[in-house]
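Quick note: the coordinates plus some simple rules give every number you see, no bench work behind them. The model shown is predicted, which means the values in this text are computed figures rather than measured ones. Glycine gets a Cβ as well: all are built from the backbone with ideal geometry, and neighbour counts include every protein chain shown.
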Amino acid sequence: MLRIRLRRVGAKKQPSYRVVVADSGAARDGRFIEQIGHYNPRAEPEAVSIDEDRAIYWLRNGARPSEAVERMLVGMGTMEKVKA
C-alpha cells in the first residue's frame, strides 16, 4: 500500500520534513517514490508547501495519507477536492 507521509531531513534538533509518497513497508527515511512537498515546523508560522496536483493524483490512485499529512491536506482544502 502506498502512503503519503513525512520524511525527516535536517540536522540534529533542527528537523524539517519532506512530504513523500512511499510504500508503507519502507523505512521512515528510506526509499520513496516521489517527493511532493516540504514542511518546516520551526518556521514562524509553520511552512507547508505541497504540490496539490500531485497529491490529488496519488490520493485518487489509492495512496493513503498519514495523520500528519492528512491534517495538512485538510487545512489546504485538498481533501475536499479529492472527495468531489
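Here are the numbers for the structure shown:
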| quantity | calculated |
| --- | --- |
| Interchain or long-range residues, amide H under 5 Å from I36's placed H | V19, V20, V21 |
| Two-decimal Rg/Rh across the chain, once Rg and the Kirkwood Rh are taken from alpha-carbon atoms | 0.96 |
| Counted charge near E70, where neighbours are those whose Cβ lies closer than 13 Å (Asp, Glu -1; Lys, Arg +1) | +3 |
| Among W58, V20, G30 the positive-end extreme of the charge dipole of the chain (Cβ point charges) | G30 |
| Net dipole in debye of the chain [+1 Lys, Arg Cβ; -1 Asp, Glu Cβ; about Cα centre; nearest 20] | 340 |
| Two-site label geometry, K13 and R28: point separation in nm, points 7 Å out along Cα→Cβ | 1.8 |
| Environment charge at Q14 (Cβ cut-off 11 Å; Lys +1, Arg +1, Asp -1, Glu -1) | +4 |
